[in-house]
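K.L.:
Structure incoming, see below.
The values are calculated or read from the model by the stated rules, or taken from the named source; none is laboratory data. As the structure is a computational prediction, the values presented were derived from the model and not from experiment. Counting neighbours? That spans all protein chains shown, and the Cβs are built from the backbone with ideal geometry, glycine included.
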Amino acid sequence: MKIDLTDTTAGKVNKALVQGRRAIGTPAVGMVLTLVIVTDEENAYDALKAANDASREHPSRTLVVIKRVSRSPRDRTSSRLDAEVRVGADAGTGETVVLRLYGEVSDHAQSVVLPLLLPDAPVVVWWPVNAPLDPANDPLGALAQRRVTDTYAAEHPVRELAARADAYTPGDTDLSWTRITPWRSMLAAALDQVTCEVESVEVEGEEFNPSCELLAMWLADRLHVPVQRSQSSGPGLTAVRMATTCGSITLDRADGSLATLSIEGQPARAVALKRRETSELIAEELRRLDPDDTYASALRFGVERLAGKATEPETSEAPEAPEAPEAPEASSSPSTDEAPAPADEAPAPADEAPVPADEAPAAAPAEEAAKAPAKKTAATKATAARTTAKKTPAKKTTTSRKAATK
Amino acid sequence: MSSSNPLRDTADRRLPRIAGPSGLVIFGVTGDLSRKKLMPAVYDLANRGLLPPGFSLVGFARREWEHEDFAQVVHDAVKEHARTPFREEVWQQLIQGMRFVQGTFDDDDAFVRLRHTIEELDQAQGTGGNFAFYLSVPPGAFPVVIQQLKKHGLADQTKDSWRRAVIEKPFGHDLKSAEELNGLVHEVFAPDQVFRIDHYLGKETVQNILALRFANQMFEPIWNRSYVDHIQITMAEDIGIGGRAGYYDGIGAARDVIQNHLLQLLALMAMEEPSSFDADALAAEKTKVLGAVRLPKDLGRDTVRAQYAAGWQGGAKVTGYLEEEGIDPNSKTDTYAAIKVEIDNRRWAGVPFYLRTGKRLGRRVTEIAVVFQRAPHSPFDTTATEELGSNAIVVRVQPDEGVTVRFGSKVPGTSMEIRDVSMDFAYGESFTESSPEAYERLILDVLLGDSNLFPRTEEVELSWKILDPIEEYWDTHGRPAQYPAGTWGPDEADEMLERDGRSWRRP
């Protein structure tokens with residue numbers, strides 16, 4: 001059942017939720033968490049669909065926060081909250097509230113979200129796009145135990161990874177990291193089968209795919225050996241090659257679904273390594289809500305320490321935005337000891353820091369960051385980056401649009 | 001093996017436990033269990049990425065099948081019964097390691113072929129000589145298969161490979177036969193390489209009993225004789241014996257269910273906190289509590305057995321047990337059994353545990369109800385609490401897995417009236433869909449060599465020690481009572497509880 005509320009408040013939304021639950025006859029709810037999705041109108045449909053699919057594993061109250069763009073000064077001064085409350089079959093296994101914020105209130109989304117959080121249950125905030133550079137200090141991010149970003153959808157994924165490392169606060173996590181769990185699991189299983197030392201590693205995958213960097217950093221961090229990041233045309237990650245004291249170990253996935261594991265001296269074996277849907281990633285992400293230390297450690301290893309990285313063209317832009325890309329280098333070498341408070345300490349994005357800290361619209365810093373370099377770079381390159389980075393989501397959008405028109 | 005692996009880290013909880021290189025050989029692969037449970041479970045494990053690359057599945061049966069026929073059967077079984085969606089690339093991974101060996105259990109050539117198949121898989125799939133033999137065979141064929149495995153050296157482990165045996169119930173039909181069976185198996189496989197499947201223990205709710213009791217503070221303080229009035233453990237089936245006449249007649253409900261499932265559930269509910277969650281510590285506590293189980297003095301008074309008579313079940317007319325095809329009309333086999341036991345220790349002295357199971361009962365349900373004593377003093381007058389029952393915590397094992405807490409609450413209105421309400425935790429609600437099938441979990445544990453969820457020899461033998469005197473008494477005293485199919489058992493069972501001033505819950 002669906003209840004539409006225009007020009008409303010969180011209190012009325014709460015009432016509508018109770019009313020909806022009564023009407024369908026299930027006043028007792030077993031929801032385990034609140035998932036807050038912060039997005040724009042364009043991405044809301046896909047994100048909500050993924051969240052609803054994931055809610056079959058994790059019944060949750062899903063709050064979709066959509067900040068509407070104001071196009072005139074009058075729009076900006078007037079403010080309004082519209083809500084769409086869905087319970088029962090329309091909302092997966094939980095409840096969904098789509099909140100549309102117009103004008104000034106969109107800068108104060110947390111005031112709408114706070115009263116709608118489930119009592120005593122964990123809160124997860126997910127930014128499918130335009131994540132703030134410092135999620136923990138974002139007003140919405142501050143409400144959450146778990147903050148899920150997705151560097152894959154960023155304009156400059158690799159640079160954003162560096163920024164994430166810089167701002168890392170326990171509870172941060174990224175879907176680019178979630179995407180490589182099957183790879184990590186298979187590589188660990190491969191090393192279970194041999195008793196040799198790894199000497200060097202090469203991670204191969206498409207450009208602008210931060211998962212490749214994360215996998216490379218994880219391997220470098222765990223194995224303490226040089227890790228080479230090389231490029232291929234994808235899809236996604238295509239291969240990991242490990243040179244060991246007893247020959248090479250290769251996990252090769254050319255087609256994005258079936259991979260081959262070859263260990264020297266053993267027969268080659270087929271391994272299913274399918275690229276997963278966003279809903280599966282979100283479901284995995286919601287399975288554990290404690291800080292992911294392994295992610296932190298891999299992230300803080302630092303992109304710039306990877307050999308043959310794919311980021312030269314981007315680092316060459318550095319002079320124009322001097323501090324930002326420099327910061328991770330400074331902070332990531334003594335990374336381990338400054339764990340608890342990197343956010344306020346890191347002076348690097350100083351020009352942007354105050355924005356997320358107090359009055360920030362969640363999307364603003366990310367947008368800024370994305371826009372700023374785009375201006376400076378050759379326009380062609382920026383568009384190229386965008387298309388590559390958005391390849392998969394774009395495809396998905398079309399399919400879901402189809403579903404929507406039915 | 002994983003301790004030296006630099007990519008493994010206990011803090012990295014996203015990485016699942018993947019079994020090492022290994023294969024599974026299923027004897028009796030054409031049976032129902034194999035098609036409906038084992039094959040789908042193997043596929044689901046593969047789909048969840050929990051099987052090692054190169055995992056191999058070998059079927060052994062009498063049918064004249066080629067490898068491809070076998071693969072087709074697995075394919076169909078997976079499509080029909082698997083829990084997770086069918087994905088071609090997962091299937092491609094699995095199919096490379098699928099083999100079929102044709103033969104009967106006494107056919108030496110077949111076991112030679114099986115041996116060659118395993119050696120070939122070690123070469124082609126890198127299974128490293130690690131194989132588990134799943135004996136999904138009738139009890140009668142059991143000794144033959146075990147002996148054949150020994151004779152052809154299939155059970156011999158080398159330094160860095162393992163061979164395991166997975167066996168299904170029944171683990172004998174009394175203490176003596178269980179000891180013989182154990183002797184037979186242990187002669188061929190080391191005790192720690194023998195895995196007895198009690199699929200109840202693979203269920204999430206059953207494992208949740210441990211979490212409920214030992215991870216929480218609010219239940220344990222009342223989990224004793226000072227607060228608990230009695231405990232009821234029920235496993236009811238709505239089906240009859242179906243085509244299992246040959247197996248069932250002479251065995252009966254008590255041997256089929258109480259000896260393994262219900263006594264295991266009792267052990268988990270009643271045991272003390274294990275010092276850790278490892279297999280040895282758990283087994284030690286379960287053994288201790290099973291050893292403390294005491295039977296009632298008057299077995300005629302505190303046990304009931306019965307057979308279902310013809311009747312209506314859920315809108316369908318069904319025949320009685322004695323009229324079922326293949327059943328001796330004079331059979332004394334019980335299709336319903338209810339027993340009362342007590343546990344002689346400080347925690348449980350004087351608290352009765354009522355265990356009941358039966359076929360053709362009202363509906364299919366398994367649950368454990370901890371019923372608490374009434375409040376020692378009630379400030380409300382009797383009319384106010386007229387409708388108030390005893391508080392209870394109910395662990396619903398299947399279906400609709402979850403936990404219910406029942407307590408009294410005021411009925412809205414101007415007068416003081418208190419009525420029972422329940423508070424529900426449903427697995428299907430809080431963690432939908434992620435619950436794996438019991439067999440998935442158990443097969444994975446076998447491949448990992450983790451014996452937490454498998455009853456040990458001692459537990460099996462202690463359970464028979466509990467049940468044997470009852471079976472002996474039943475053999476020599478009277479005949480089973482009758483109950484109409486589709487009801488909750490014979491009147492005698494209700495009377496048995498009434499004598500104690502209690503009544504069965506309607507599950």
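K.L.:
Would you mind telling me which numbered condition in (1) in a helix (DSSP H, G or I); (2) in contact with a Ser or Thr (Cβ under 8 Å, 6 or more places away or on another chain); (3) hydrophobic (A, V, I, L, M, F, W, C); (4) within 14 Å of chain B (Cβ to nearest Cβ) A:VAL194 fails?
P.N.:
Of the numbered conditions (1) in a helix (DSSP H, G or I); (2) in contact with a Ser or Thr (Cβ under 8 Å, 6 or more places away or on another chain); (3) hydrophobic (A, V, I, L, M, F, W, C); (4) within 14 Å of chain B (Cβ to nearest Cβ), the odd one out for A:VAL194 is (1).
K.L.:
So the check is Cβ under 6 Å with 6+ separation or different chains; which pairs have a first residue in region B:7-19 that's in contact (Cβ under 8 Å) with a residue 40 or more places away in the chain and a second one that's outside any loop (DSSP other than H, G, I, E, B) and buried (at least 20 other Cβ atoms within 10 Å of the Cβ)?
P.N.:
Once the first residue is in contact (Cβ under 8 Å) with a residue 40 or more places away in the chain and sits in region B:7-19, its partners that are outside any loop (DSSP other than H, G, I, E, B) and buried (at least 20 other Cβ atoms within 10 Å of the Cβ) give B:ALA19/B:LEU447.
K.L.:
Which condition from (1) within 19 Å of A:LYS12 (Cβ to Cβ); (2) within 22 Å of the chain's Cα centre (by Cα); (3) within 14 Å of chain B (Cβ to nearest Cβ) is the one that A:LEU118 breaks?
P.N.:
Every condition holds for A:LEU118 apart from (2).
K.L.:
Quick check, is A:THR278 modelled with pLDDT of 85 or more, within 7 Å of another protein chain (Cβ to nearest Cβ) and buried (at least 19 other Cβ atoms within 10 Å of the Cβ)? Full working, then the answer.
P.N.:
Details: modelled with pLDDT of 85 or more: yes; within 7 Å of another protein chain (Cβ to nearest Cβ): no; buried (at least 19 other Cβ atoms within 10 Å of the Cβ): yes.
No; evaluated as a whole, the condition is false for this residue.
K.L.:
Is it the case that region B:29-45 has a residue that's modelled with pLDDT of 85 or more and under 17 Å from B:GLU120 (Cβ atoms)?
P.N.:
Taking every residue of region B:29-45 in turn, none turns out to be modelled with pLDDT of 85 or more and under 17 Å from B:GLU120 (Cβ atoms).
K.L.:
Let me ask another. I'm told A:ASP293 meets every condition in (1) more than 10 Å from chain B (Cβ to nearest Cβ); (2) surrounded by fewer than 16 Cβ atoms within 10 Å (Cβ to Cβ) except one. Can you identify the failing condition by its number?
P.N.:
Only one criterion is unmet by A:ASP293, namely (1).
K.L.:
Here is a further query. So which pairs qualify, if the first residue must be in region A:273-296 and of a type in the set (Lys, Arg), the second must be in a helix (DSSP H, G or I), the Cβ gap must be under 6 Å, and the two must be at least 6 apart or on different chains?
P.N.:
Note: pairs meeting the criteria are A:LYS274/B:GLU89.
K.L.:
Moving on. Considering region B:7-30 alone, what residues qualify as being in a loop (DSSP other than H, G, I, E, B), in contact with a helix residue (DSSP H, G or I) (Cβ under 9 Å, 6 or more places away or on another chain), more than 25 Å from B:LYS159 (Cα to Cα) and more than 9 Å from chain A (Cβ to nearest Cβ)?
P.N.:
Listed by number, the residues that qualify are B:GLY28, B:VAL29, B:THR30.
K.L.:
Here is a follow-up. Mind telling me which of the residues A:ALA254, A:ALA268, A:ALA272 ends up being more than 10 Å from chain B (Cβ to nearest Cβ) and either farther than 23 Å from A:ARG229 by Cβ or touching a strand residue (DSSP E or B) at 6+ places or on another chain (Cβ under 8 Å) (or both)?
P.N.:
Working: A:ALA268 fails: more than 10 Å from chain B (Cβ to nearest Cβ); A:ALA272 fails: more than 10 Å from chain B (Cβ to nearest Cβ).
Just one listed residue meets the conditions, A:ALA254.
K.L.:
Considering region A:41-84 alone, what residues qualify as being surrounded by fewer than 16 Cβ atoms within 10 Å (Cβ to Cβ) and modelled with pLDDT of 85 or more?
P.N.:
Those that are surrounded by fewer than 16 Cβ atoms within 10 Å (Cβ to Cβ) and modelled with pLDDT of 85 or more: A:GLU41, A:GLU42.
K.L.:
Which residue, of B:LYS288, B:LYS317, B:LYS297, is without any contact (Cβ under 8 Å) to a residue 60 or more places away in the chain, assigned to a strand (DSSP E or B) and out of contact with any Phe, Trp or Tyr (no Cβ under 7 Å at 6 or more places or on another chain)? Steps first, please.
P.N.:
Values: B:LYS288 fails: assigned to a strand (DSSP E or B); B:LYS297 fails: assigned to a strand (DSSP E or B).
Step by step, each of B:LYS288, B:LYS317, B:LYS297 is checked, and only B:LYS317 is without any contact (Cβ under 8 Å) to a residue 60 or more places away in the chain, assigned to a strand (DSSP E or B) and out of contact with any Phe, Trp or Tyr (no Cβ under 7 Å at 6 or more places or on another chain).
K.L.:
Name the helices (runs of 4 or more DSSP H) wholly inside region B:185-281 in which the number of residues that are free of Cβ contacts under 8 Å to residues at least 40 places away in the same chain and of a type in the set (Lys, Arg) is 1 or more. Spell out the reasoning first.
P.N.:
Values: elements: B:204-214, B:245-248, B:263-270.
So the answer is none; nothing clears 1.
K.L.:
I'd like the full set of residues that are small (Gly, Ala, Ser), assigned to a helix (DSSP H, G or I) and crowded, with 19+ Cβ neighbours inside 10 Å, limited to region A:85-121.
P.N.:
Restricting attention to region A:85-121, the residues satisfying the condition of being small (Gly, Ala, Ser) are A:88-89, A:91-92, A:94, A:103, A:106, A:109, A:111, A:121.
In the following step, the residues that additionally are assigned to a helix (DSSP H, G or I) were identified as A:88-89, A:91, A:106, A:109, A:111.
Scanning region A:85-121 gives A:ALA91, A:SER106, A:ALA109.
K.L.:
Can you give me the number of residues within region B:236-265 that are crowded, with 17+ Cβ neighbours inside 10 Å and of a type in the set (Phe, Trp, Tyr)?
P.N.:
Count: 1.
K.L.:
Those residues that are touching a residue at least 12 places away in the same chain (Cβ under 8 Å), in a helix (DSSP H, G or I) and within 12 Å of chain A (Cβ to nearest Cβ), I need them from region B:78-112; list them, please.
P.N.:
Within region B:78-112, B:VAL90, B:TRP91, B:GLN93, B:LEU94, B:ILE95 meet the criteria.
K.L.:
Could you tell me whether region A:6-22 includes any residue that is modelled with pLDDT of 85 or more, more than 14 Å from chain B (Cβ to nearest Cβ) and in a strand (DSSP E or B)?
P.N.:
Within region A:6-22 (the criterion being modelled with pLDDT of 85 or more, more than 14 Å from chain B (Cβ to nearest Cβ) and in a strand (DSSP E or B)), the answer is no, since none of the residues qualifies.
K.L.:
Looking at the structure I just gave you, is B:ALA124 without any contact (Cβ under 8 Å) to a residue 60 or more places away in the chain, touching a Gly at 6+ places or on another chain (Cβ under 7 Å) and either surrounded by fewer than 19 Cβ atoms within 10 Å (Cβ to Cβ) or in the same structural domain as B:PHE60 (by TED's automatic domain parsing) (or both)?
P.N.:
It is false that B:ALA124 is without any contact (Cβ under 8 Å) to a residue 60 or more places away in the chain, touching a Gly at 6+ places or on another chain (Cβ under 7 Å) and either surrounded by fewer than 19 Cβ atoms within 10 Å (Cβ to Cβ) or in the same structural domain as B:PHE60 (by TED's automatic domain parsing) (or both).
K.L.:
Within the set of pairs 6 or more residues apart or between chains, which connect a residue that is closer than 17 Å to A:SER262 by Cα inside region B:44-58 to a residue that is among the basic types (Lys, Arg) with Cβ atoms less than 6 Å apart?
P.N.:
Here the result reads B:PRO53/A:ARG269; B:GLY54/A:ARG269, each pair linking region B:44-58 to a residue that is among the basic types (Lys, Arg).
K.L.:
Looking at region B:48-77 only, could you name the residues that are surrounded by fewer than 21 Cβ atoms within 10 Å (Cβ to Cβ), within 11 Å of chain A (Cβ to nearest Cβ) and under 23 Å from B:ARG115 (Cα atoms)?
P.N.:
Of everything in region B:48-77, nothing turns out to be surrounded by fewer than 21 Cβ atoms within 10 Å (Cβ to Cβ), within 11 Å of chain A (Cβ to nearest Cβ) and under 23 Å from B:ARG115 (Cα atoms).
K.L.:
If you check B:SER34, B:SER4, which single one turns out to be facing chain A (nearest Cβ under 9 Å), out of contact with any Pro (no Cβ under 7 Å at 6 or more places or on another chain) and of a type in the set (Gly, Ala, Ser)? Working first, answer last.
P.N.:
Working: B:SER34 fails: facing chain A (nearest Cβ under 9 Å).
Only one candidate qualifies: B:SER4.
K.L.:
In addition: So which residues in region B:144-162 are surrounded by 15 or more Cβ atoms within 10 Å (Cβ to Cβ) and either β-branched (Val, Ile, Thr) or under 31 Å from the mean Cα position of the chain (by Cα) (or both), if there are any at all?
P.N.:
Keep residues of region B:144-162 that are surrounded by 15 or more Cβ atoms within 10 Å (Cβ to Cβ), which gives B:145-150, B:152, B:154-155, B:157, B:161-162.
B:VAL145, B:ILE146, B:GLN147, B:GLN148, B:LEU149, B:LYS150, B:LEU154, B:ALA155, B:GLN157, B:SER161, B:TRP162, listed by residue number.
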